[in-house]
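*Asks:* Below is the structure I would like to discuss, written out as structure tokens.
The values are calculated or read from the model by the stated rules, or taken from the named source; none is laboratory data. All values derive from a computational prediction rather than experimental measurement. Cβ coordinates were reconstructed from backbone atoms using ideal geometry, including for glycine residues, and neighbour counts include every protein chain displayed. Each accessible area value is taken on the protein alone, full model and side chains, heavy atoms only, with ligands, DNA and RNA left out. Shrake-Rupley method; radii C 1.70, N 1.55, O 1.52, S 1.80 Å.
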Amino acid sequence: MTGGSRLVGEVRVTGAKNSVLKLMAAALLARGTTTLTEVPDILDVEIMAELLRRLGCEVGHDKIEATVEITVPETLEHRADYDLVRRMRASICVLGPLLARCGQVDVALPGGDNIGSRGLDMHIDGLERMGATVSNEHGYLIASAPVLHGASVWLDFPSVGATETIVMAAVLAEGVTIIDNVAREPEIVDICQMLVEMGARIEGIGTSTLTITGVNALQPVTHRTVSDRIVAGTWAVAAVITGGDITVRNANPEHLRIALDKLTTAGAEISTTDDGFRVIMSERPKSVDIVTLPYPGFPTDLQPQFIALNSIAEGAALVTENLFEARFRFVQELARLGADVRTDGHHALVRGVDRLSGAPVESTDIRAGAGLVLAGLVAEGVTTVYGASHIDRGYAGFVEQLTALGASVQAQG
Ligand code: EPU
């Protein structure tokens, strides 16, 4: 890619990766055919489809219509193999639904990835409180519970994954489960709403405490996936970093309140539209401090994009990462473009420079990749982002959309 173009135009965001994968897993809870709409055309959806097929489901993915149709049999297999789990950590989200449907589940442990240790202790603790026996054997998490019963669960931290696992187990458990300190991300609200449409009884959706009364069975439904706030936020940063003008369609600005407010502080003019928002930037951005926190705090999944923005902003910014310790790894790549970033534990000090200069860089995960592409958009000369397949896992048609907005970018290989 060659930096220097101002991005101008319109993009439409589809459903959220971090919701649709869980909605696909939630489909396991009901026998019959569940249909999901606004499904993004990304590799992780294919991996989840393959996992569901191995469990005995029929899965059809219509990429033109952006739908996935999952037909779930009465009897399911209960094993998620390492070859799939290692390709996609989110495979762990079949743990709760399989335990609820089969009374038993073997899921390969995902192991390390590029953004930190990411434990499963809260998932396990929640399931044990509901009567499951959980062990770790030969690299697999083995859980069994002939009967799951309601329980009181308190999460040490509002973990997205643990909230989803426990909710999906509780909807078919006997009795009432109360989960305190749950995650409140829009993707959690989305899965809870789908479960309610399926017949689940969940109170407190969108708050820190969920009360779930187990039912005997759930019914399949058709459900529209919540729009991807992280993709929408990435386009907003793209407008600001390039001094551009982008209208983001099918996006909910309410889901991005802090991030959009930060961009306003950086100098952007942001207005809401019928189905999204518009971001116009006409000056050099001012630097903005960031502290990542669980929703409604600033999302960790937009932290690398904001570091890229701060790297060419006027002034210095302090960025604090509270969720994934290794998410600052990518700043070494940003430094190859001339960025001035110093990290110390959870903190990064970003001193804005007047210009970045294009260079080959390596993307280590989805969001780091997005951050490097944003930096490449404003770096003088040519930037080559290696490992761009990471980006394809979260951003459907990224290169095509960038090109349509006026960027000079080519996909290779
Ligand atoms: N954690 C534990 N024990 C647990 C669960 C979590 O220690 O039992 C720790 C993790 O190690 C991590 C923190 O808690 O430090 C946050 O974990 P959380 O469970 O909230 O995140 P997740 O479910 O693993 C999802 C998204 C991430 C996103 C985070 C935070 C999916 C597939 N992944 O991960 O998305 O950053 O929530 O919002 O939904 C991405 O899309 O690039 C991505 C990494």
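*Asks:* So, in the stretch 250-267, how many residues would count as being assigned to a loop (DSSP other than H, G, I, E, B) and buried (at least 22 other Cβ atoms within 10 Å of the Cβ)?
*Replies:* Going residue by residue through the stretch 250-267, those that are assigned to a loop (DSSP other than H, G, I, E, B) are 250-252, 266-267.
From what's left, buried (at least 22 other Cβ atoms within 10 Å of the Cβ): 251, 266.
Total meeting the criteria: 2.
*Asks:* Within the stretch 120-135, can you find the residues that are of a type in the set (Gly, Ala, Ser) and either away from the ligand (no atom under 12 Å from the Cβ) or open to solvent by 20 Å² or more (accessible area, probe 1.4 Å) (or both)? Can you show your working first?
*Replies:* Taking the stretch 120-135 first, the residues of a type in the set (Gly, Ala, Ser) are 126, 131-132, 135.
Of everything in the stretch 120-135, those that are of a type in the set (Gly, Ala, Ser) and either away from the ligand (no atom under 12 Å from the Cβ) or open to solvent by 20 Å² or more (accessible area, probe 1.4 Å) (or both) turn out to be Gly131, Ala132, Ser135.
*Asks:* Follow-up question, since we're still on this one. Would you check which residues across the stretch 273-298 are more than 16 Å from the ligand (Cβ to nearest atom) and open to solvent by 50 Å² or more (accessible area, probe 1.4 Å) and list them? Reasoning before the result, please.
*Replies:* Of all residues in the stretch 273-298, those more than 16 Å from the ligand (Cβ to nearest atom) come to 273-289.
Selection gives Thr273, Asp274, Asp275, Arg278, Ser282, Glu283, Arg284, Lys286, Asp289.
*Asks:* Condition (residue is in contact with a Leu (Cβ under 8 Å, 6 or more places away or on another chain) and either at pLDDT 95 or above or crowded, with 23+ Cβ neighbours inside 10 Å (or both)) applied to the stretch 394-403: is it met by at least one residue? Give the steps one after another, and end with the answer.
*Replies:* Here is the first cut: in the stretch 394-403, the ones in contact with a Leu (Cβ under 8 Å, 6 or more places away or on another chain) are 402.
Those still in the list that are either at pLDDT 95 or above or crowded, with 23+ Cβ neighbours inside 10 Å (or both) too: 402.
Within the stretch 394-403, one or more residues are in contact with a Leu (Cβ under 8 Å, 6 or more places away or on another chain) and either at pLDDT 95 or above or crowded, with 23+ Cβ neighbours inside 10 Å (or both).
*Asks:* Could you list all residues from the stretch 312-340 that are surrounded by fewer than 20 Cβ atoms within 10 Å (Cβ to Cβ) and either outside any loop (DSSP other than H, G, I, E, B) or more than 26 Å from the chain's Cα centre (by Cα) (or both)? Please lay out each step first, then the result.
*Replies:* As a first pass, look at the stretch 312-340 and keep what is surrounded by fewer than 20 Cβ atoms within 10 Å (Cβ to Cβ): 314-316, 318, 320, 322, 325-326, 329, 332, 335-336, 338, 340.
Once the filter is applied, which keeps residues that are surrounded by fewer than 20 Cβ atoms within 10 Å (Cβ to Cβ) and either outside any loop (DSSP other than H, G, I, E, B) or more than 26 Å from the chain's Cα centre (by Cα) (or both), the stretch 312-340 yields Glu314, Gly315, Ala316, Leu318, Thr320, Glu325, Ala326, Gln332, Ala335, Arg336, Gly338, Asp340.
*Asks:* Moving on. Can you confirm whether Val373 is in a strand (DSSP E or B), under 25 Å from the mean Cα position of the chain (by Cα) and crowded, with 23+ Cβ neighbours inside 10 Å? Walk me through how you get there before you give the answer.
*Replies:* On the way: in a strand (DSSP E or B): no; under 25 Å from the mean Cα position of the chain (by Cα): yes; crowded, with 23+ Cβ neighbours inside 10 Å: yes.
It is false that Val373 is in a strand (DSSP E or B), under 25 Å from the mean Cα position of the chain (by Cα) and crowded, with 23+ Cβ neighbours inside 10 Å.
*Asks:* Among the candidates Val353, Val361, which residue alone is under 24 Å from Leu318 (Cα atoms), part of a loop (DSSP other than H, G, I, E, B) and away from the ligand (no atom under 16 Å from the Cβ)?
*Replies:* Details: Val361 fails: part of a loop (DSSP other than H, G, I, E, B).
Every option except Val353 fails the conditions.
*Asks:* OK, next. Could you please give the count of residues in the stretch 319-342 that are aliphatic (A, V, I, L, M) and within 13 Å of the ligand (Cβ to nearest atom)? Full working, then the answer.
*Replies:* In the first step, residues of the stretch 319-342 are kept if they are aliphatic (A, V, I, L, M); the result is 319, 323, 326, 331, 334-335, 337, 339, 341.
Checking which are within 13 Å of the ligand (Cβ to nearest atom) leaves us with 323, 326.
The number of residues fulfilling the criteria is 2.
*Asks:* Further question on the same structure: Give the residues of the stretch 136-168 that are more than 16 Å from the ligand (Cβ to nearest atom), assigned to a strand (DSSP E or B) and of a type in the set (Val, Ile, Thr), sorted by residue number.
*Replies:* Ile142
*Asks:* Moving on to the next point. Any idea how many residues of the stretch 10-49 are within 12 Å of the ligand (Cβ to nearest atom) and of a type in the set (Asp, Glu)?
*Replies:* Adding up the residues that qualify gives 1.
*Asks:* Right, here's the next one. From Thr234, Thr207, Thr177, Thr165, which residue is in the same structural domain as Val45 (by TED's automatic domain parsing) and either within 30 Å of Val11 (Cβ to Cβ) or surrounded by fewer than 24 Cβ atoms within 10 Å (Cβ to Cβ) (or both)? Let's see the steps before the verdict.
*Replies:* Details: Thr234 fails: in the same structural domain as Val45 (by TED's automatic domain parsing); Thr177 fails: either within 30 Å of Val11 (Cβ to Cβ) or surrounded by fewer than 24 Cβ atoms within 10 Å (Cβ to Cβ) (or both); Thr165 fails: either within 30 Å of Val11 (Cβ to Cβ) or surrounded by fewer than 24 Cβ atoms within 10 Å (Cβ to Cβ) (or both).
Testing whether each residue is in the same structural domain as Val45 (by TED's automatic domain parsing) and either within 30 Å of Val11 (Cβ to Cβ) or surrounded by fewer than 24 Cβ atoms within 10 Å (Cβ to Cβ) (or both) leaves just Thr207.
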